[in-house]
Amino acid sequence: MSSAKTIRALITRTKGVSAQVETLPVIELPLQSTVKNSPGECNLLVKVKYSSLNYKDALVVSGKYPGLKPPMIGGIDIAGTVQESKSDLFKEGDEVIMNGWGVGTDHYGGFAQLASLRSEWAMKMPKGLDALGAAQIGTGGYTAMLCVDALVRNGVKPEHGPILVTGSTGGVGSISIAILADLGYKVTAVSGKTSSTDWLKSLGATDVKARSDFEAEGKPLVKEQWAGCVDTVGGNVLANVLSGTKYGGSVAACGLAGGMNLPTTVAPFILRGVSLLGVESALLPVAKREEVYGKYAEALIKSKKLDKVCEKAQLLTLEQVPDVAEKMLKGQIEGRYCVTPE
């Protein structure tokens, strides 16, 4: 383990109670994975430079994450430097990133100065990225890349019509807009924040619709309006999106901010051939992660769109995270928030 005997960490000790910053003995970092679906030795010790604040993190930090097993350190994203390695995949000094794998929800995550990880969870820093850029992209941006890639792979092209993006002021939504616009798609953003219209258009959205237009109970089918969608909301919003998707269109679904239920019918699927594409990012093999980062990350950096996504973001200390997490759960923030454990 590290030469340091203690580290600073933001630890959730009790369900329903916000996490607090504590001094944690390094020997309490896990030696084995505590993720049921990914067992094995933790053979990598990473000095965390940055993490980011995602919706899952907000739930963990507030003590509200379903299935939370305290104590837990949130932070599902990690960007940092290998401090110790017992793996042939990495050596000391390698810059790495880690997104998901149950880290931050089922295994101590990035809201600490050190993280003890399985080497199979980590990925070498992609070309053109540094630790801060990787944290700014984070799980939100990585999931956005997967959603866009799902639409592209399923044959959705710019000439087919506009692409809808729900939850557009969040991490997945805002980065999806930036990527889609750079690929030549016309993007319609869905937002509940009228104050964000100019910002969303600066990312590449050509139109902005009110979230309230999609929140009522939906009809089986309505007028065909968009060729595809990146949906981060679920619930009635997703049901209404499906009802208005064009013949042969595709919807990439990755979130449940609006609820787990999907009150729709089979009409969009059997009468219009609409595809509902489920996007899961946490347990995706590293090779697929490297593929989507290779396709989209460097272009996102070069286009300066990531700077726009993050222009409203803040770099948070561990002490600031609980308050911002509560605001995130109430839908009161936009863009990306990065966290430094120092």
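The values are calculated or read from the model by the stated rules, or taken from the named source; none is laboratory data. Here the structure is a predicted model, which is why all the values come from computation and not from measurement. No Cβ is skipped: glycine too gets one built from the backbone with ideal geometry, and neighbour counts run over all protein chains shown.
Take the stretch 73-90 and flag every residue that is out of contact with any strand residue (DSSP E or B) (no Cβ under 8 Å at 6 or more places or on another chain) and either surrounded by 24 or more Cβ atoms within 10 Å (Cβ to Cβ) or without any contact (Cβ under 8 Å) to a residue 24 or more places away in the chain (or both).
Asp88
Determine which member of the set Gly244, Gly255, Gly249 is crowded, with 19+ Cβ neighbours inside 10 Å, within 16 Å of the chain's Cα centre (by Cα) and not assigned by the TED database to the domain that holds Pro66.
The conditions single out Gly255.
Taking Ser275 as meeting all but one of (1) crowded, with 16+ Cβ neighbours inside 10 Å; (2) modelled with pLDDT under 95, write down the number of the exception.
(2)
What do you reckon, is Gly40 surrounded by fewer than 19 Cβ atoms within 10 Å (Cβ to Cβ), over 25 Å from Val309 (Cα atoms) and modelled with pLDDT of 95 or more?
Against the criterion (surrounded by fewer than 19 Cβ atoms within 10 Å (Cβ to Cβ), over 25 Å from Val309 (Cα atoms) and modelled with pLDDT of 95 or more), Gly40 qualifies.
So that you can scan it fast, the table gives a plain yes or no per residue for (1) touching an Asp or Glu at 6+ places or on another chain (Cβ under 9 Å); (2) in a loop (DSSP other than H, G, I, E, B); (3) hydroxyl-bearing (Ser, Thr, Tyr):
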| site | (1), (2), (3) |
| --- | --- |
| Ala4 | no, yes, no |
| Arg8 | yes, no, no |
| Thr14 | no, yes, yes |
| Leu24 | no, no, no |
| Pro39 | no, yes, no |
| Lys49 | yes, no, no |
| Lys56 | no, no, no |
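Is it the case that some residue within the stretch 219-233 is at pLDDT 95 or above and of a type in the set (Asp, Glu)?
The answer is yes; a qualifying residue exists.
Given the structure, is Leu316 over 20 Å from Cys147 (Cβ atoms), within 15 Å of the chain's Cα centre (by Cα) and not assigned by the TED database to the domain that holds Thr245?
For Leu316, the condition - over 20 Å from Cys147 (Cβ atoms), within 15 Å of the chain's Cα centre (by Cα) and not assigned by the TED database to the domain that holds Thr245 - is not met.
Just need a number here: residues in the stretch 289-342 that are aliphatic (A, V, I, L, M) and out of contact with any helix residue (DSSP H, G or I) (no Cβ under 9 Å at 6 or more places or on another chain).
Of the residues in that region, 1 qualify.
What tally of residues in the stretch 254-289 results from selecting those that are hydrophobic (A, V, I, L, M, F, W, C) and within 19 Å of Pro158 (Cα to Cα)?
3
Read through the list (1) out of contact with any Ser or Thr (no Cβ under 8 Å at 6 or more places or on another chain); (2) closer than 21 Å to Thr169 by Cα; (3) assigned by the TED database to the domain that holds Gly104, then give the number of the only condition that Lys304 fails.
Going through the list (1) out of contact with any Ser or Thr (no Cβ under 8 Å at 6 or more places or on another chain); (2) closer than 21 Å to Thr169 by Cα; (3) assigned by the TED database to the domain that holds Gly104, Lys304 breaks only (3).
Under the condition of being more than 18 Å from Gly102 (Cα to Cα) and within 25 Å of the chain's Cα centre (by Cα), which residue from the stretch 20-37 is surrounded by the most Cβ atoms within 10 Å (Cβ to Cβ)?
In this case the residue turns out to be Val21.
With the requirement that a residue be under 11 Å from Cys254 (Cβ atoms) and not in a helix (DSSP H, G or I), what does the stretch 127-148 give you?
none
Tally time: how many residues in the stretch 282-303 are in contact with a strand residue (DSSP E or B) (Cβ under 7 Å, 6 or more places away or on another chain) and not charged (D, E, K, R)?
Selection size over the stretch 282-303: 1.
Which of the residues spanning the stretch 206-235 are free of Cβ contacts under 8 Å to residues at least 60 places away in the same chain and assigned to a strand (DSSP E or B)?
Across the stretch 206-235, the qualifying residues are Thr206, Asp207, Val208, Lys209, Ala210.
Can you confirm whether the stretch 19-40 contains a residue that is among the charged types (D, E, K, R), out of contact with any helix residue (DSSP H, G or I) (no Cβ under 7 Å at 6 or more places or on another chain) and under 23 Å from Gly259 (Cα atoms)?
No - not one qualifying residue is present in the stretch 19-40.
Filter the stretch 152-198 down to residues that are surrounded by 24 or more Cβ atoms within 10 Å (Cβ to Cβ) and either at pLDDT 95 or above or part of a helix (DSSP H, G or I) (or both), then give me how many there are.
Qualifying residue count for the region: 19.
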